[in-house]
Amino acid sequence: MTTNWNGAGRRIHMQEVGTRDGLQAEDAFVPTEDKIALVNALSDAGMAKIEVTAFVSPKAIPALRDAEIVMRRIERTPGVVYSALVPNVRGAERAIDALTDELNLVMSATESHNLSNLRMTREQSFAALSEVNAIARAGAVPVNVSLSCAFGCPMEGDVPAATVLDWCACYVEVMGAHGVTLCDTTGMAYPTQVAALVRAFRERWPETELTLHFHNTRGMGLANVLAAIDAGADRFDASLGGIGGCPYAPGASGNVCTEEIVHALACMGFETGVDMDRLLAASRRLPALIGHDIPSQIVKAGRRLDLHPVSADFEATRQRALGRGAAH
Ligand code: COA
Ligand code: ZN
């Protein structure tokens, strides 16, 4: 296996999911105006795609019960794709009515997680997705399918790559989906597994938009992103501040943090199109919105070249050290 982590200007598309995957997990209801301002700030920062919200049952995810208003009132930056998560026909109708650019359909690779998250068997979910797909096609709205627990399930354990690829075949070849997202819902993915799955997907469906969606639950998030890039991926979901997590997956925690990934990729010479100052400004406003600290290491530590002044007694220390040198 060759390692090609020298970015050399290679384009990596960063897709923000903090306003959906992030806010869905929060107890606090972030006021609608603040959500809109957050999406606008993320557009200004240069994200390629923003998953603005979810058109799900307001009983299942009360934090996103204002989906229509948010989607309708954000400022649309040309070139940015504004997507939304949609679980069923009702959600698709609401999303299309609110002028969503892309529908993100979701089901799980395992029966246990699909039943806990969507209250359906996988077969029932696929039938529902196909119905949603028909509605999206009629409205000429592109469809992406997100496959949860593609790298492991908190209730069933390992998920065979063949199972994941079989479902992908249903989305790409049967439904004609424009894109597929492989989701590591509870941070069970590891780099060699990621590389193998990305390669297998890319070989079979070179034209399909492939997104990787990692959670940093076990600290492997950035390693997984790099392994995926090495295997040919160029599109990643990430969440501002590193917030997030599926409320219906035991042990779920934050997505990979947008500013950490953008920072690391910039160091290595990749081109994400994201303005780090704007991104950090948006992230620093998050704790006030959600009422708690955020995981972001970059907000805590700053960028690697955000230098610190030397200590006040630096000159005296230097003189003393030089004096000691002269005495010997
Ligand atoms: N938008 C708004 N309301 C919806 C809806 C949608 N997309 N889908 C269902 N509902 C409402 C129904 O109208 C019904 O309301 P009522 O009780 O007032 O009549 C209620 O939700 C239950 O509907 P039902 O069709 O019986 O669905 P369900 O209870 O089996 O729920 C889901 C299925 C998938 C719609 C629901 O569990 C859901 O939205 N889950 C969200 C999962 C999620 O986002 N997880 C995290 C991201 S992976
Ligand atoms: Zn997620």
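Every read-out reported here was derived from the displayed coordinates using simple, explicitly stated rules and does not represent laboratory data. If you're wondering where the values come from, they're calculated on a predicted model, not measured in any experiment. Glycine gets a Cβ as well: all are built from the backbone with ideal geometry, and neighbour counts include every protein chain shown.
Computed quantities for the displayed model
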{"quantity": "One residue from Gly221, Gly273 being out of contact with any Leu (no Cβ under 9 Å at 6 or more places or on another chain), surrounded by fewer than 20 Cβ atoms within 10 Å (Cβ to Cβ), touching a residue at least 12 places away in the same chain (Cβ under 8 Å) and not charged (D, E, K, R)", "calculated": "Gly273"}
{"quantity": "Single residue of the stretch 97-119 satisfying the filter (within 12 Å of ligand 1 (Cβ to nearest atom) and under 30 Å from Arg76 (Cα atoms)) that is nearest to the chain's Cα centre (by Cα)", "calculated": "Asn104"}
{"quantity": "Residue in the stretch 205-224 that is farther than 18 Å from Ile261 by Cα and either within 16 Å of ligand 1 (Cβ to nearest atom) or in contact with a Phe, Trp or Tyr (Cβ under 7 Å, 6 or more places away or on another chain) (or both) present", "calculated": "no"}
{"quantity": "Any hit, the stretch 240-249, residues being at negative phi and away from ligand 2 (no atom under 14 Å from the Cβ)", "calculated": "no"}
{"quantity": "Members of the stretch 178-196 that are surrounded by 23 or more Cβ atoms within 10 Å (Cβ to Cβ) and more than 18 Å from Ile12 (Cα to Cα)", "calculated": "Asp184, Thr185, Thr186, Gly187, Ala189"}
{"quantity": "Top-ranked residue in the stretch 44-69 [being away from ligand 2 (no atom under 16 Å from the Cβ) and buried (at least 21 other Cβ atoms within 10 Å of the Cβ); ranked as nearest to Arg11 (Cα to Cα)]", "calculated": "Met47"}
{"quantity": "Residue list for the stretch 225-253, filter: closer than 18 Å to Leu64 by Cα and away from ligand 1 (no atom under 15 Å from the Cβ)", "calculated": "Leu240"}
{"quantity": "Residue that is nearest to ligand 1 (Cβ to nearest atom) [pool: residues in the stretch 120-153 that are outside any loop (DSSP other than H, G, I, E, B) and hydroxyl-bearing (Ser, Thr, Tyr)]", "calculated": "Ser148"}
{"quantity": "Candidates Leu129, Leu105, Leu115 - the one that is under 18 Å from Ala252 (Cα atoms), surrounded by 16 or more Cβ atoms within 10 Å (Cβ to Cβ) and hydrophobic (A, V, I, L, M, F, W, C)", "calculated": "Leu115"}
{"quantity": "The one condition in (1) away from ligand 2 (no atom under 13 Å from the Cβ); (2) touching a residue at least 40 places away in the same chain (Cβ under 8 Å); (3) surrounded by 23 or more Cβ atoms within 10 Å (Cβ to Cβ) that Ala233 fails to fulfil", "calculated": "(2)"}
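Okay, residues lined up against (1) within 21 Å of Val225 (Cβ to Cβ); (2) in contact with a strand residue (DSSP E or B) (Cβ under 6 Å, 6 or more places away or on another chain); (3) away from ligand 2 (no atom under 16 Å from the Cβ); (4) not acidic (Asp, Glu):
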{"site": "Asn104", "(1), (2), (3), (4)": "yes, yes, no, yes"}
{"site": "Asn114", "(1), (2), (3), (4)": "no, yes, no, yes"}
{"site": "Met120", "(1), (2), (3), (4)": "no, no, yes, yes"}
{"site": "Asn133", "(1), (2), (3), (4)": "no, yes, yes, yes"}
{"site": "Glu156", "(1), (2), (3), (4)": "no, no, yes, no"}
{"site": "Trp167", "(1), (2), (3), (4)": "no, yes, yes, yes"}
{"site": "Cys170", "(1), (2), (3), (4)": "no, no, yes, yes"}
{"site": "Met175", "(1), (2), (3), (4)": "no, no, yes, yes"}
{"site": "Asp184", "(1), (2), (3), (4)": "yes, yes, no, no"}
